[in-house]
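First the structure, in the form of structure tokens, and then the observations on it.
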Amino acid sequence: MRKVTYANPELNVMSDEEIHQLRETKLMNQIKYTYRNSEFYQNKFKEIGVSPQEITSIEDFRKLPLLMDKENERISQQESLERMGHPFGMHLCASPRSKYILA
């Protein structure tokens, strides 16, 4: 019997293999989205010589070198401040001005 209870009730009835597949699918979708929408990550993938299509599993992803560390984040933030006038970093996948929160 599984010792973990998920907040999403649908996950509680899935097998471990189904959960693993769901995690992989979500990761692959996130990698593709990030690559498509972030110049920063496009450049990172080019630097390491890997395309998102080559990453087909969580294990493949774990083998990648670290894509973002504190130093890279600081550089990314400084570059976005200089180029775009905001300190949120070049690694964003959407312009801060393109998202609105309605209260």
Exercise for the section: List every residue pair whose Cβ atoms lie under 8 Å apart, where the two residues are 6 or more positions apart in sequence or sit on different chains, the first residue falls within the range 2-23 and is without any contact (Cβ under 8 Å) to a residue 24 or more places away in the chain, and the second residue, located anywhere, is hydroxyl-bearing (Ser, Thr, Tyr). Expected result: 12/5; 12/6
Handout entry: Number of the exception - residue 28 against (1) surrounded by 12 or more Cβ atoms within 10 Å (Cβ to Cβ); (2) at pLDDT below 90
Key = (2)
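Look at the range 47-84 and say how many of its residues are basic (Lys, Arg) and closer than 22 Å to residue 95 by Cβ. Spell out how you get there, then give the answer.
If we filter the range 47-84 for residues that are basic (Lys, Arg), which is where we start, we get 62-63, 70, 74, 83.
Those still in the list that are closer than 22 Å to residue 95 by Cβ too: 74, 83.
So the count comes out to 2.
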Exercise for the section: For the range 73-96, state whether one or more residues are exposed (fewer than 13 other Cβ atoms within 10 Å of the Cβ), free of Cβ contacts under 8 Å to residues at least 40 places away in the same chain and within 13 Å of the chain's Cα centre (by Cα). Expected result: no
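How many residues does the range 44-99 hold that are of a type in the set (A, V, I, L, M) and assigned to a helix (DSSP H, G or I)?
Filtering the range 44-99 for residues of a type in the set (A, V, I, L, M) gives 48, 50, 55, 58, 64, 66-68, 75, 81, 84, 90, 92, 94.
Still in the list and also assigned to a helix (DSSP H, G or I): 48, 58, 75, 81, 84.
So the answer is 5.
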Completion exercise
Quick count over the range 1-43, residues being assigned to a helix (DSSP H, G or I) and of a type in the set (S, T, N, Q), is 9
Practice task
Can you tell me which residue among 63, 46, 32, 26 is basic (Lys, Arg), without any contact (Cβ under 8 Å) to a residue 12 or more places away in the chain and more than 30 Å from residue 3 (Cβ to Cβ)?
Solution key: 46
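The values are calculated or read from the model by the stated rules, or taken from the named source; none is laboratory data. Keep in mind the model is a prediction, meaning the values are calculated, not measured. Heads up, the Cβs are rebuilt from the backbone with ideal geometry, glycines too, and the neighbour counts pull from every protein chain shown.
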